[in-house]
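Read through the structure below, which is laid out as structure tokens, and then see the notes.
The values are calculated or read from the model by the stated rules, or taken from the named source; none is laboratory data. Since the model is a prediction, treat every value here as computed from it, not as a measurement. For neighbour counting, all protein chains shown are included, and Cβ atoms are generated from backbone atoms with ideal geometry for every residue, glycine included.
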Amino acid sequence: MLSVHTSPLHQPGTGDAGGMNVYIVELAKRLAQQDIEVEIFTRATAAGDPPSVELAPGVLVRHIAAGPYEGLAKEDLPAQLCPFTHGVMTAWAGHHPGHYDLVHSHYWLSGHVGWLASERWGVPLVHAMHTMAKVKNAALAEDDRPEPMARVIGEQQIVAAADKLIANTEEEAADLRRHYEADPGKLAVVHPGVNLERFRPEADGRAAARRRLSIPQNAIVPLFAGRIQPLKAPDVLVRAVAVLLDQEPALRDRLVVPIVGGPSGSGLDRPEALHKLAARLGVCDVLRFQPPVDQQSLADWYRAATVLVMPSYSESFGLVAIEAQACGTPVVAAAVGGLPVAVRDGCTGYLVRGHDPRDYAQVLRRFVENPGLSEKLGAAAARHARCFGWEAAAADTAEVYAAAQDAHRRHLRSAHG
Ligand code: UDP
């Protein structure tokens, strides 16, 4: 596997580390349990990064030196793809021929490295986009900056070069066809999973989690969890909270709005923007900013919440939506990207069209007015989330690998007459 711009060893929820890191860790571990050994190449970002680290039995992370450890943004990395590829090739040269059976690249930067590596090694290339420039640009928040043309071109090249493209949902597969003219024969849909041992409901879970987090038992708790950037629209939740408090000032005493995560992407341009907005709207007292936490602690935040709110502008899947549900917490989400797959409207939460804070406030009011609603939807949410185990995702991915190997062999046979 190739994960150039972010390491599976990094804490997700801030900077460049998010759902893709979780995806790679969980998938690699489950593939290893199914006897597919995995090596993950990633860029070294600290002087102390050892050349390789065993992440789990059968999963090795290899650090490649490519550019300075710190100070490079994701946007700077296209210039480091040659040094990175050089490092990958050097590692490969130390092995017997045929060491790697297949390359699975994640995100377009890795796809470019994978393209070359797969051709050099004579093995298939399976690629997962995770997010796509054209899809993001088509649904930008008002103050967000678009993805550059170089990325669009890079993605186009990978779509043409890959033997198989793994999409999170049918919607993403359709986007690959619509925006990048992907060959339908290359597309495979594999739903990501959720770690059902880590994210699970617990008897008395909400009360216990609230005690641990010092949240009053009678509080209404709409939770935001994830990377703080315009694309994820935490500002829509903050604005919705202001609308709600305007309509019902008495709610102020029992409204707690945790925002768990750190700045990322274009959110790093103005890391204080959300705090300033909250101050302007006079809602600082109900917000609780919490830097990124490990997943064990995040499960507690999910359990403590009345509802997870995810007003994203685009989302290829949205792991936090399925994690919260796995903990028995319903989700209010924008009806974009993979979220309509993750959330069953009216059953495990609610989908909202658009990003008008008043619409989100209206949905949040339902939880205020109907105290049993969170528990009712949460029970259905926990059942729904059980369909998304990583074992199934890994088994489906292994099938894609086998199909890629078949397609690759057929391609070679026809190329050689
Ligand atoms: N996450 C975490 N700690 C935090 C916030 C988020 O570990 O404080 C993890 C979360 O469990 C999830 C991932 O970060 O698996 C975010 O994935 P998602 O698909 O929701 O968003 P992405 O980051 O891919 O845009």
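If only one of Ala160, Ala209 is surrounded by 20 or more Cβ atoms within 10 Å (Cβ to Cβ), modelled with pLDDT of 95 or more and under 30 Å from Glu391 (Cα atoms), which one is it?
That would be Ala209, the only listed residue that is surrounded by 20 or more Cβ atoms within 10 Å (Cβ to Cβ), modelled with pLDDT of 95 or more and under 30 Å from Glu391 (Cα atoms).
Go through segment 340-360 residue by residue and tally those that are over 24 Å from the mean Cα position of the chain (by Cα) and either among the basic types (Lys, Arg) or surrounded by 22 or more Cβ atoms within 10 Å (Cβ to Cβ) (or both).
1
Just name the residue that is nearest to the ligand (Cβ to nearest atom) out of those in segment 188-206 that are of a type in the set (D, E, K, R) and surrounded by fewer than 19 Cβ atoms within 10 Å (Cβ to Cβ).
Arg198
Could you identify the single residue in Leu308, Leu319 that is within 8 Å of the ligand (Cβ to nearest atom), surrounded by 24 or more Cβ atoms within 10 Å (Cβ to Cβ), in the same structural domain as Lys276 (by TED's automatic domain parsing) and not acidic (Asp, Glu)?
Leu319
Quick one: Val336 ticks every box in (1) in contact (Cβ under 8 Å) with a residue 40 or more places away in the chain; (2) part of a helix (DSSP H, G or I) except a single one, so which number is it?
In the conditions (1) in contact (Cβ under 8 Å) with a residue 40 or more places away in the chain; (2) part of a helix (DSSP H, G or I), Val336 misses (2) alone.
Which of the following residues is touching a residue at least 60 places away in the same chain (Cβ under 8 Å) and more than 25 Å from Lys376 (Cβ to Cβ): Pro230, Pro311?
None of the others qualify; the one that does is Pro230.
Report, by residue number, each residue of segment 21-60 that is more than 20 Å from Asp294 (Cα to Cα) and in a strand (DSSP E or B).
Val38, Glu39, Ile40, Phe41, Thr42, Arg43, Ser52, Val59, Leu60
Could you check how many residues of segment 193-225 are closer than 22 Å to Val241 by Cα and either assigned to a loop (DSSP other than H, G, I, E, B) or of a type in the set (D, E, K, R) (or both)?
Counting residues in segment 193-225 that are closer than 22 Å to Val241 by Cα and either assigned to a loop (DSSP other than H, G, I, E, B) or of a type in the set (D, E, K, R) (or both) gives 9.
Applying the selection to segment 267-305, what residues are within 16 Å of the ligand (Cβ to nearest atom), at pLDDT below 95 and assigned to a loop (DSSP other than H, G, I, E, B)?
Answer for segment 267-305, where residues must be within 16 Å of the ligand (Cβ to nearest atom), at pLDDT below 95 and assigned to a loop (DSSP other than H, G, I, E, B): just Pro271.
Quick check on segment 257-266. Is at least one of its residues within 13 Å of the ligand (Cβ to nearest atom), in a loop (DSSP other than H, G, I, E, B) and hydroxyl-bearing (Ser, Thr, Tyr)?
Among the residues of segment 257-266, at least one is within 13 Å of the ligand (Cβ to nearest atom), in a loop (DSSP other than H, G, I, E, B) and hydroxyl-bearing (Ser, Thr, Tyr), which makes the answer yes.
Across segment 322-340, which residue is farthest from the ligand (Cβ to nearest atom) among those that are hydrophobic (A, V, I, L, M, F, W, C) and within 20 Å of Pro371 (Cβ to Cβ)?
Checking each candidate, the answer is Val332.
Please specify each residue of segment 63-76 satisfying the condition of being surrounded by fewer than 19 Cβ atoms within 10 Å (Cβ to Cβ) and either modelled with pLDDT of 95 or more or not hydrophobic (A, V, I, L, M, F, W, C) (or both).
Ala65, Gly67, Pro68, Tyr69, Glu70, Gly71, Lys74, Glu75, Asp76
Assess whether His130 counts as being buried (at least 17 other Cβ atoms within 10 Å of the Cβ) and free of Cβ contacts under 8 Å to residues at least 60 places away in the same chain.
no
So in segment 366-401, with the set limited to residues that are part of a helix (DSSP H, G or I) and among the basic types (Lys, Arg), which one is farthest from Leu245 (Cα to Cα)?
The qualifying residue farthest from Leu245 (Cα to Cα) is Arg383.
Filter segment 361-417 for residues that are basic (Lys, Arg) and at pLDDT 95 or above; which is surrounded by the most Cβ atoms within 10 Å (Cβ to Cβ)?
Residue satisfying both the conditions and the ranking: Arg365.
What about Ala380, is it more than 14 Å from Val309 (Cα to Cα) and either in contact with a helix residue (DSSP H, G or I) (Cβ under 7 Å, 6 or more places away or on another chain) or free of Cβ contacts under 8 Å to residues at least 24 places away in the same chain (or both)?
No.
I need every pair where a residue in segment 43-69 that is more than 20 Å from Val22 (Cβ to Cβ) has its Cβ under 9 Å from the Cβ of a residue that is outside any strand (DSSP E or B) and acidic (Asp, Glu), sequence separation at least 6 or different chains.
Ala46/Glu70; Ala65/Asp49; Gly67/Asp76; Tyr69/Asp49
Write out, first by first residue and then by second, each pair whose Cβ atoms fall under 9 Å of each other, whose residues are 6+ apart or on separate chains, and whose first residue, in segment 280-295, is farther than 15 Å from Ala240 by Cα while the second is in a loop (DSSP other than H, G, I, E, B) and more than 11 Å from the ligand (Cβ to nearest atom).
Arg288/Ile215; Arg288/Val256
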